[in-house]
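Asker: Submitted below is the structure of interest, expressed as structure tokens.
The values are calculated or read from the model by the stated rules, or taken from the named source; none is laboratory data. Keep in mind it's a predicted model, so treat the numbers as computed, not measured. When we count neighbours, we look across all protein chains shown, and the Cβ atoms used for this are built from the backbone with ideal geometry, even at glycine.
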Amino acid sequence: MSTPGTGKIDLRSDTKTVPDEEMRQAMAEAVVGDDVSGEDPTVNALEEQSAEAMGKEAGLFVVSGSMGNLLAMWAQTQPGEEIIVERGNHIYNYEASGVSQICGLMVRCADGERGVMAPEQVKALMHDGSNIHTRRTGMLELENSHNIAGGTVLSVERTQALADVAREGGARVHLDGARIFNAAVAQGASVQDLVAPVDSVQFCFSKGLGAPVGSMICSTQSVIDRCRELRKAVGGGMRQAGVIAAPARIALEKGPGRLAQDHVNARTIAETLVALPGVSVDMGSVQTNLLNFSVEREDIDAPSLCERLGEYDVLAIHKDDTRIRFVTHWQVTVEDTEQVCGALREILGD
Ligand SMILES: Cc1ncc(COP(=O)(O)O)c(C=O)c1O
């Protein structure tokens, strides 16, 4: 298919998808109202539908994953408290330090294996506030799937074990589930089981699910009420937001069913790459729609490989001189995947 409008196969991110005709139609026809006063029926329906999908009491529609994580952390902690994260977690690396500059939290990191922490690591970092030198641990933050680690997943059992350690120490647990549906599909697990151990979860409509805008926080009614107040405080109250909630509803209904193919496509590209000289892929990390690999060759580096792919109408970005991340999504078809593999063989083959 290639990305409509550009004619390119966009492997830069699953945030690059554009709304299709059905979504645009839904936007045009959405019944809307003032959401700041809770009067937008389309937003209300999306929040209810999302809470039900997650098995939580309530939901709050927000503009982005970053805002969802921020509000969930802010609502459930006190400034000065500590938050434990995996070192590669998105909130620590890519959310403009909102965790410290807005929530006032002190971040403590553990190095996970392919992004997955062990309960003992979390236990070792927990503080109960009884020591004058440290503040108490207010929160454990998890990420499923893990972006920087290459889309690796947390199992239900590991999520539960990590949450148990946090709870024993009196901390709350927030899950950055930007791609929680990918994590569920990859493991054949239910989303509800994956999020049951945590106090709050944030997931994105505008990543693998394919909507143009928006994310959802799901938690108890009281946490969501507090998030709603804080959303207003940072100017995130939207008015006739039904126009963006309408495509998000379609994404929630139809998106999860498409993810298995995205995972197959990522795996197909990974298998092509790993057979090429000077290319390394940790195949064990290729679990969902993200694919990290490195190119270490005399004749070509990562930036120039991305440039060469451009000649084949494939958009990709490098992380540094050797590393590249590809992301598959519903606007990268099986035929596109074959085209990408063909291009890689031509550029990197013997
Ligand atoms: C794991 C993860 N969490 C949160 C976010 C933030 O989402 P947004 O870009 O909508 O703020 C991203 C974005 O890529 C992500 O990958």
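Asker: Residue check, GLU48 against (1) within 16 Å of the ligand (Cβ to nearest atom); (2) surrounded by fewer than 16 Cβ atoms within 10 Å (Cβ to Cβ), all met but one. Which one?
Answerer: Here GLU48 meets the rest and fails (1).
Asker: Quick check: anything in the stretch 56-64 in a loop (DSSP other than H, G, I, E, B), acidic (Asp, Glu) and out of contact with any Pro (no Cβ under 9 Å at 6 or more places or on another chain)?
Answerer: Among the residues of the stretch 56-64, at least one is in a loop (DSSP other than H, G, I, E, B), acidic (Asp, Glu) and out of contact with any Pro (no Cβ under 9 Å at 6 or more places or on another chain), which makes the answer yes.
Asker: Please verify whether the stretch 257-274 includes one or more residues that are surrounded by fewer than 16 Cβ atoms within 10 Å (Cβ to Cβ), under 30 Å from GLU298 (Cα atoms) and out of contact with any Ser or Thr (no Cβ under 7 Å at 6 or more places or on another chain).
Answerer: yes
Asker: Look at the stretch 202-225 and say how many of its residues are more than 10 Å from the ligand (Cβ to nearest atom), assigned to a strand (DSSP E or B) and closer than 22 Å to HIS329 by Cα.
Answerer: Counting residues in the stretch 202-225 that are more than 10 Å from the ligand (Cβ to nearest atom), assigned to a strand (DSSP E or B) and closer than 22 Å to HIS329 by Cα gives 1.
Asker: Scan the stretch 77-96 and tell me whether some residue there is modelled with pLDDT of 95 or more and touching a Pro at 6+ places or on another chain (Cβ under 6 Å).
Answerer: Looking through the stretch 77-96, none of the residues is modelled with pLDDT of 95 or more and touching a Pro at 6+ places or on another chain (Cβ under 6 Å).
Asker: Starting from residues that are away from the ligand (no atom under 14 Å from the Cβ) and hydroxyl-bearing (Ser, Thr, Tyr), keep the ones in the stretch 62-110 and report whichever is farthest from ARG136 (Cα to Cα).
Answerer: SER100
Asker: Which residue is farthest from the ligand (Cβ to nearest atom), if the candidates are limited to the stretch 134-179 and must be farther than 24 Å from THR220 by Cβ and touching a His at 6+ places or on another chain (Cβ under 9 Å)?
Answerer: The residue in question is THR134.
Asker: ASN144 versus (1) without any contact (Cβ under 8 Å) to a residue 60 or more places away in the chain; (2) in contact with a Gly (Cβ under 8 Å, 6 or more places away or on another chain); (3) surrounded by fewer than 24 Cβ atoms within 10 Å (Cβ to Cβ): which is the lone unmet condition?
Answerer: So ASN144 meets the others, but not (3).
Asker: Identify, from the list ALA51, ALA110, ALA118, ALA96, the residue that is among the small types (Gly, Ala, Ser), out of contact with any Gly (no Cβ under 6 Å at 6 or more places or on another chain) and closer than 30 Å to GLY242 by Cβ.
Answerer: After applying the criteria, what remains is ALA96.
Asker: Still on this model: Given the residues SER215, SER200, which is the only one that is in contact with a Gly (Cβ under 6 Å, 6 or more places away or on another chain) and either buried (at least 24 other Cβ atoms within 10 Å of the Cβ) or under 19 Å from ARG167 (Cβ atoms) (or both)?
Answerer: Exactly one of SER215, SER200 is in contact with a Gly (Cβ under 6 Å, 6 or more places away or on another chain) and either buried (at least 24 other Cβ atoms within 10 Å of the Cβ) or under 19 Å from ARG167 (Cβ atoms) (or both), namely SER215.
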